[in-house]
Amino acid sequence: MLRFVVRRLVLLIPILLGLSLLIFVWVRALPGTPADALLGERATPQAVAEFRVRYGLDRPIYVQYWAYLKTTLSGELGTSVASHRPVTTEIRDRFPATVELAFAAMIFALAFGLPLGFVAAKRYRSAVDHGSLFLSLIGISIPVFFLAIMLKYLFGVRLAWLPTVGRQDVLVDAEHPTGFYVLDGIVTRNWNAAWDATQHLILPAIALGSIPLAIISRVTRASVLDVQNEDYVRTAHAKGVPPQQVDRRHVFRNALLPVTTIIGLSFGILLSGAVLTETVFAIPGLGSWLKEAIFNHDYPVLQSGIMFLALVFVIVNLIVDVTYGFIDPRVRVS
Amino acid sequence: MSVAQIEELALERQQPTGGLWREAFRRFRRNPAGIVGVAFVGAFVLVAIFAPLIAPHSPTEQNLLLIADGCCPGPSREHLLGVDELGRDELSRVIYGARYSLVVGVLSVAVGLSIGMLLGSIAGYLGGWADSVVMRAMDILLAIPSLLLAIGIVAMLGAGLVPVMIAVGVATVPIFARLLRGTILGQREADYVLAARSIGVRKRVILTSHILPNSISPVIVAGTLAMATAIIDVAGLGFLGLGPQDPATPEWGTMLTTADRYISTAPFLAFFPGLAIVIIVLGFNLIGDAMREALDPKLRRYD
């Protein structure tokens, strides 16, 4: 098991190196020079020259790349041009919002996708089955931001059941020791704040979770149908195990394996979708941060933000792979 | 007659028509979901081509008198889907929007498909270090979630319709490259390739006229499904404000950005462009699924 984890970690190194090189080249291909971006367009030639020396931009490109690698690895990610705050501080402030949202979306997708797929497979070719297939088709066909706008209108404006802006009502008095607002409310025993933060999460989570929900229900259905024909399921039935127990122990558990992989892959969809969902619901997360960074030509933020999200994505997939190896011994061996 | 010829004859009697494509087409026609998909997409193609004839108004014509009492008058006899915040006919804008979505969708998939197929066939057929280099590069691109990758490319090229198209296309390159490499690897060791090689057919000819035609069907399926995601991603980038910078352009995603601002007074402005996206994307998804089943019936197990 340890060897499996170590091997996967070693395989990550070239990917991350390549990623850093790609982002390094990409930043240099962005319109405008860093001096323009940081000093403004009216900087004197002398100031620009000084700037170039100070940031090492006069040195050969491979020296610059090496310097960039060293500073990035030491956790120094630069300063946002727009807010003049260190990028690391911004990430610390905004990352919890995105994680909380992605987590809530995933819980929603699993809570509805797994049962839906399971029931559809059990009632293969019934109305329920066709309904679930149709629903998952709609789920992957509806743009996240359109669903978000429609939910906002229906539940926020029309019915006025749920809040649609931000993460917490401004009138709610709350402390935020962790940055995860729901958790903060629980930790500080401020139930009112926790409930308020949860309400703020519901609509964004549904919008963002719609695609994973569709994929999870489809994969679960196919996987349950597969497993049902396995010899060990027939054996279990033959030796008289109660059907519900067969479903629970033999079918459902084994059917979950492919779903694990989907959870990892869906995380990329969640991060992509977070940019759109956070924009619609005005959530100050990493997604809306990157969106603003483009309009502000905030290159330090774009550079570190995209690198950071890619790193998170790669690590999540690694964790999922390792978990997979943990649940299914066959994967470790091969 | 040899045994092989008899077997061939027997097989021919079981399957009345010859050819993978004719067979696939026959199966596709029998799939109601695929027909619905073709109907959806076909309707949009017609709307896009004949937009000037169908649209009751010009998509950019403003009638400020209509919004004199505030934004925005809802559906009426004169304006079936209502009027937008600048007094333009919403129906005409949705109709003209079909042009942008279809063209940008097709072109971006074409970009992704051509680069991806080139890289995939190089990697799959040459193998060795070429394979390693290409596939590691693809791994790196796949490490960035696709919409973020597209955003990064738009940041480099500047906002606009063409950059969005390129960005969405490049973001799909790894998918096609990986897929084609996989199928080519599977075909490379096939008997017919060995036969071709043993009679001295040149490497490039083996690749282009033996292996590629036999590896193409999964790529076509993936290409159709990629059209669906490309249209969604293009609209998404448009929604973020990275699409066409001229606000007169009736692009669906961009229309949703302004519609979002007027959501409490004029929800129909968001509803109709969004519905148009859903229907066309649904169409491509239905066609893609049906084509997969038609081209590879072995995959069809439970649906």
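The values are calculated or read from the model by the stated rules, or taken from the named source; none is laboratory data. Computed from a prediction, not measured in an experiment: that's the story for all the values here. No Cβ is skipped: glycine too gets one built from the backbone with ideal geometry, and neighbour counts run over all protein chains shown. In case anyone asks, the SASA skips ligands and DNA or RNA and just uses the protein heavy atoms, side chains included. Shrake-Rupley method; radii C 1.70, N 1.55, O 1.52, S 1.80 Å.
Amide H contacts for A:Thr79 (H built 1.01 Å from N in the peptide plane; partners 5 or more residues away or on another chain; cut-off under 5 Å): A:Val87.
What's the ranking of A:204-210, A:162-168 by average number of surrounding C-beta atoms within 10 Å, highest first?
Taking the mean over residues of other Cβ atoms within 10 Å, the ranking is A:204-210, A:162-168.
In this structure, A:Val172 and A:Asn296 have a Cβ-Cβ separation that, at R0 = 45 Å, corresponds to a calculated FRET efficiency of about 0.90.
Counting pairs of alpha carbon atoms under 8 Å apart in space and at least six apart in sequence, what relative contact order in percent does chain B give?
Values: 416 pairs, mean separation 74.0, N = 303.
Normalised by residue count, the contact order of chain B is 24 percent.
Sites listed here are chymotrypsin sites (Phe, Trp or Tyr not before Pro) in the range A:124-179 whose DSSP assignment is loop and whose Cβ has at most 14 other Cβ atoms within 10 Å: A:Tyr124, A:Trp161.
Counts of other chain beta carbons within 10 angstrom of each beta carbon in peptide B:148-158 average 6. Put +1 on the Cβ of every Lys and Arg and -1 on every Asp and Glu Cβ in chain B; which of B:Leu185, B:Gly70, B:Trp252 then has its Cα farthest towards the positive end of the dipole? Of B:Leu185, B:Gly70, B:Trp252, it is B:Leu185. 3J(HN,Hα) along the range B:154-161: 5, 4, 6, 8, x, 5, x, 5 Hz, from the Karplus curve 6.51 cos²θ - 1.76 cosθ + 1.60 with θ = phi - 60°, whole Hz, x for Gly and Pro. Computed from the C-alpha gyration tensor, the three semi-axes of the ellipsoid equivalent to the range A:87-333 are 36, 21, 18 Å, from longest to shortest. Distance from the Cα centre of the range A:277-314 to that of the range B:125-188, in angstrom? Each part reduced to its Cα centre gives a spacing of 21 Å. Magnitude of the charge dipole for the range A:87-333, about its Cα centre and with charges confined to Cβ atoms of Lys, Arg (+1) and Asp, Glu (-1), is about 1080 debye. Between amide H atoms placed 1.01 Å from N, distances below 5 Å from B:Val83 occur with B:Glu90, all of them 5 or more places distant or on a separate chain.
Return the average number of partner chain Cβ atoms within 10 angstrom of each residue Cβ along peptide B:278-285. Display every interim value, and only then the final one.
Working: counts 6, 1, 1, 6, 5, 1, 1, 4.
Partner Cβ neighbours, averaged per residue: 3.
As a length-normalised measure over Cα pairs under 8 Å and 6 or more apart, the relative contact order of the range A:87-333 settles at 27 percent.
Backbone geometry of the range B:138-152 corresponds, through the Karplus equation with coefficients 6.51, -1.76 and 1.60 at θ = phi - 60°, to 3J(HN,Hα) couplings of 5, 4, 5, 5, 6, 6, 9, x, 4, 5, 5, 4, 4, 4, x Hz, x marking Gly and Pro. With R₀ set to 22 Å, the beta-carbon distance separating B:Lys203 from B:Trp21 gives a calculated FRET efficiency near 0.25.
Taking a ≥ b ≥ c as the square roots of the eigenvalues of the alpha carbon gyration tensor, the protein assembly as shown is rounded, as a/c is under 1.5.
Highest first, please rank the peptides A:170-182, A:280-292 by the mean number of other Cβ atoms sitting within 10 Å of their residues.
Numbers: A:170-182: 14.5, A:280-292: 22.9.
Listed from highest to lowest mean packing, they are A:280-292, A:170-182.
For chain A, modelled as a GNM with alpha-carbon contacts under 10 angstrom, which of A:Pro86, A:Pro300, A:Pro14 fluctuates the most? Its mean-square fluctuation being the largest, the pick is A:Pro14. Annotation for the range B:189-259 versus the range A:70-142: alpha-carbon center distance of 25 Å.
Taking Lys and Arg as +1 and Asp and Glu as -1, the other residues whose beta-carbon sits under 10 Å from that of B:Thr258 total -2. Computed from phi, the 3J(HN,Hα) profile of the range B:186-198 under the Karplus parametrisation 6.51, -1.76, 1.60 (θ = phi - 60°) reads x, 7, 4, 8, 5, 4, 5, 6, 4, 4, 4, 5, 5 Hz, with x in place of Gly and Pro. Each of the GluC sites (Glu not before Pro) that DSSP puts in a loop and that has at most 14 other Cβ atoms within 10 Å breaks chain B; the longest unbroken stretch is B:190-303. Expressed as a whole percentage, what fraction of the accessible surface of the range A:87-333 belongs to carbon and sulfur atoms when a 1.4 Å probe is rolled over the protein heavy atoms? Ligands and nucleic acids excluded, carbon and sulfur give 65 percent. A cut-off under 9 angstrom between Cβ atoms defines the neighbours of B:Val221, and their net charge, with Lys, Arg +1 and Asp, Glu -1, is -1.
Mean per-residue shielding of peptide B:132-142 is 3, counting Cβ atoms of other chains within 10 Å of each Cβ.
Surface analysis of the range A:87-333 yields an accessible area of 45 Å² per residue, using protein heavy atoms and a 1.4 Å probe.
Computed extension length for A:Ile202-A:Ala111: 31.4 nm, one decimal, from 0.36 nm per residue of separation with the Cα-Cα distance subtracted.
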